[in-house]
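Every read-out reported here was derived from the displayed coordinates using simple, explicitly stated rules and does not represent laboratory data. Because the structure is predicted, anything quoted here is derived from the model rather than measured. Reconstructed Cβ throughout: ideal geometry from the backbone, glycine too, with neighbour counts over all protein chains shown.
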Amino acid sequence: MADNSWDPTPQSAGAAEALEAQAVGAFNVGEMHAALPENGDNKKKTPAGWVPATPYNYESYTQGASHEWEGNAKTYDWDGEVGDIGPEFPELEIELFGKPGNREKKGIDFSKIASIELFQEGPARVDPIATFEDAGLHPAMLKNVEMAGYDVPTPIQRYCLPAIHMGYDVIGIAQTGSGKTAAYLIPILNKLMGKAKKLAAPRPNPATFQEGIDPRTRAEPLVVIVVPTRELAVQIFNEARKFCYRTMLRPCVVYGGGTFRDQEKQLQRGCDVLIASPGRLIHFMNSPEILTLRRVRYMVIDEADELLMEDWKEELTQIMSGGEQEEGNINYMLFSATFPKAARELAKTHLADTHVRLRVGRAGSSHENIKQNIIYVDPSLKKQALIDLIKSLPPTRTIVFVNSKRTAEEVDDFLYNKEGMPCTSMHSDRNQMEREAAMRGFRGGEWPILIATGVTARGIDVVNVMHVINYDLPSMDHGGIEEYTHRIGRTGRIGHRGLASSFYSDRDEPIASVLTRTLIETNQEVPDFLQSYIPEGATATNLKFEADSDFEDNVDIGAGADTGGGGWGADGTDCADAGNAGDAGNDAGAGGWGGENGGGGDWGADTSKPAAVEEAACSGW
């Protein structure tokens, strides 16, 4: 047991040592000092070891100022007459992947991820690959994978690569930071390599294109990736820039807040892979002289649990049906870390009868690479607790999550003006220029502390985020434990380790039960003030989660099926009570998404017991 209550007295050496022992892999602060100018205008001296706290240059964020949008980042431009594969450009390689010998390696510690069971739950089955060399990748793509830092495929990648290669529709559910983006980008782009001239629309040679001189060209992408947030769109675009290198496939990104004109210019240069937020995508779809989806071969819905909610239904319906595509010509992919029941009725209408469903561990779960530390703090003492927590660790790239825009501003002001910390903040009231500048400063180390609302949680994939702090725990009315999972998933990504600290008070009681079960599931320490929420009896070893309540009990779902529950397509009452939920992850009910009584779905009724794979020994934290 652990008390985990924050002591308002100055930090003791013991507390600092305990927290320091949990911080792993802090980045080299000395390198950031060398790269940044000293700043003598701080209101309070920056604590030792941190870069100087630099102020915002608000003039640079005004509409009239010069600003380089993230969507204008350099992509691979080729001479269209060269052939199916373009030549190497060493300078661009360094920009995209980093210098040789200094490139990020993914998959340093998969002991906690590889031990999680992966279930194939759909009517189709695939054999996993063991290495990227087994995936049938083109040599140029294989080299891109290597330069991107992937040594071995993650569990979701082991199954997604062959499934997409074989032409299946795919649903992939895996923990945040498990490599889902690469799991679909690599095989989709590999399938299209050498086919750009055959499948793509006529377009200008991007190497020689001259704005205003060459005729306007309509963008007709082969791949469309739809995401809920601007930050996530930019993040996936940056990944696509890497994997599109030398493939003759050109990526573009369109998202709200950026200028229409700049994004239109990028589309007119040719677009094979389009990453988009829903609102901006529909805007361009409504201008068919700029964009049409009639050539789309792959439609990917990333963070599907967010996009398939009722709030997005109208927009998503227009996107999914607005491409004038020939029926059966599109492969649909849905990816997410969580997949609540409310999303599933919408999801099942878009996939083929024969598809692959993959689930790494329990839907909505986290993994043991993230050390979760829950700390009891009185709300009136949160700011002091925050600075004590930050200072108790070696300087490290940190994200502080809050529940409101006002709190984000208050915490930003406190850390910068009162404590001299190098920080920035990001929330929905910031214009897009400010949001992109904040992310650049966070990535580059100018502002290694980022205060953010949950709306940005799904778009932050930054190297060496070693500490996530939930200054406010998510409310059960706005995201609940799924939001918590997404937030802490900003650290411990792609086989690395990380620390997630969360402030808890009496007002967080509604999330206490499911939070406690989440801690137990990932072998975390349960503090004294949450001990009363530890389940007893059979439920102590067979944990139930509200998100599993779609696996209904005692439903007739067809011959050969386990009766743990019918899943997405099952008929039955809404078991909001987690105690009535089926045994998710152990019985076939955890995977029976396509019961024939599902109310209009055509997903198939194969609900046989899923095969558990990916078994390996778990080592300690």
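Express as a percent, rounded to the nearest 5, the fraction of DSSP beta bridges in the stretch 119-360 (both residues included) that run antiparallel. Present the calculation step by step, with values, prior to reporting the outcome.
Values: 2 of 29 bridges.
DSSP beta bridges in the stretch 119-360 are roughly 5 percent antiparallel.
From the Cα gyration tensor of the stretch 380-446, with a ≥ b ≥ c the square roots of its eigenvalues, which class applies: rounded if a/c is under 1.5, or else prolate if a/b is larger than b/c, or else oblate? It comes out oblate by the Cα gyration axes. For the stretch 119-360, the tally of Lys pairs with Cα-Cα distances below 23 Å comes to 17, considering only residues 8 or more apart or on different chains. Residues whose amide H lies under 5 Å from that of Ser501, counting only those 5 or more places away or on a different chain, are Asn373, Val468, Ile469, Asn470; hydrogens are built 1.01 Å from N in the peptide plane. Listed by Cβ neighbour count within 10 Å, with the fewest neighbours leading, Leu274, Leu199, Leu393, Leu499 appear as Leu199, Leu393, Leu499, Leu274.
If a/c stays under 1.5 just call it rounded; otherwise compare a/b with b/c (prolate if a/b is bigger, oblate if not). Do that for the stretch 383-509, with a ≥ b ≥ c from the square roots of the Cα gyration tensor eigenvalues.
Numbers: a/c = 1.17, a/b = 1.13, b/c = 1.03.
Rounded, because the longest to shortest axis ratio a/c is under 1.5.
Amide H to amide H distances under 5 Å link Leu334 with Val170, Ile171, Gly172, Ile301, where only residues 5 or more positions off or on other chains count and H is placed in the peptide plane. For the stretch 119-360, the dipole from Cβ point charges (+1 on Lys and Arg, -1 on Asp and Glu) about the Cα centre works out to 660 debye, to the nearest 20. In terms of surrounding Cβ atoms within a 10 Å radius of their Cβ, Ser321, Ser5 rank from fewest to most as Ser321, Ser5. The H on the amide N of Leu291, modeled in the peptide plane, is under 5 Å from the matching H of Ala219, each at least 5 residues off or on a different chain. Each label was represented as a point 7 Å from its Cα along the Cα-to-Cβ direction; for Lys99 and Lys265 these points are 3.1 nm apart.
Would you please classify the overall shape of the stretch 227-336 from the alpha carbon gyration tensor, given that a ≥ b ≥ c denote the square roots of the eigenvalues, rounded means a/c under 1.5, and beyond that prolate means a/b larger than b/c while oblate covers the rest? Since a/c stays below 1.5, the shape of the stretch 227-336 is classed as rounded. Phi angles across the stretch 510-520 convert, under the Karplus curve 6.51 cos²θ - 1.76 cosθ + 1.60 with θ = phi - 60°, into 3J(HN,Hα) values of x, 8, 4, 5, 6, 5, 4, 5, 5, 5, 5 Hz, Gly and Pro given as x.
Look at Val51, Val463, Val526 and count the other Cβ atoms within 10 Å of each Cβ; fewest to most, that gives Val463, Val526, Val51.
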